[in-house]
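Engineer: Just passing along the structure, written as structure tokens.
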Amino acid sequence: MSTQVQPHSAVLLHFTMKLEDGSTADSSYSQGKPALFSLGNGSLSSELEQQLLGLSIGEKKSFSLPGDVIFGKHNPDLVQYFSLRDFTETGIPEIGTIMLFTAMNGSEMPGVVKSIEGESITIDFNHPLAEQQISFDIEVLEIDPQLESQNANING
């Protein structure tokens with residue numbers, strides 16, 4: 001069991017993500033339970049993992065990262081154009097509305113209504129926080145020894 005977060009640690013932590021205007025985008029406190037993250041498995045960006053490395057149980061840290069580092073860079077291919085006819089059942093949405101769309105494979109994807117011009121509605125499927133600066137407050141609660149030892153066995 002490690003006393004510090006390592007490159008393949010599983011980390012139980014509380015976090016709060018805030019936007020530039022100070023509003024809370026997400027928080028494990030509001031969910032009523034801490035979050036478990038496994039470093040090195042691709043679920044977190046390398047820049048976010050770097051902020052966690054070396055932290056100890058009980059340690060708190062505040063830092064900021066650009067949203068595109070966490071959620072991916074803006075991809076123009078994820079901006080799609082729809083006809084007003086596509087919204088006859090739901091009604092014409094307002095600009096800024098986040099709507100769920102069903103992809104070809106059956107999964108649901110959120111899209112933000114960016115503009116309505118004539119018969120065309122522009123929907124952006126990029127992550128809505130990708131273009132913002134995100135502030136984090138984290139507290140490391142536990143470094144999971146069981147998952148850590150499994151990773152150690154796999155890697156060496």
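Engineer: Mind pulling the angle between the C-alpha long axis of helix 145-155 and the longest principal axis of the chain? Nearest 10 degrees, somewhere in 0 to 90.
Structural biologist: So the helix axis and the longest Cα principal axis differ by about 90 degrees.
Engineer: Counting only C-alpha contacts under 8 Å and six or more residues apart, can you give the relative contact order of the chain as a whole percent?
Structural biologist: Taking the mean separation of contacting Cα pairs over the length of the chain, I get 36 percent.
Values in this text are rule-based calculations from the coordinates and carry no lab data. Computed from a predicted model, the values in this text were never measured in an experiment.
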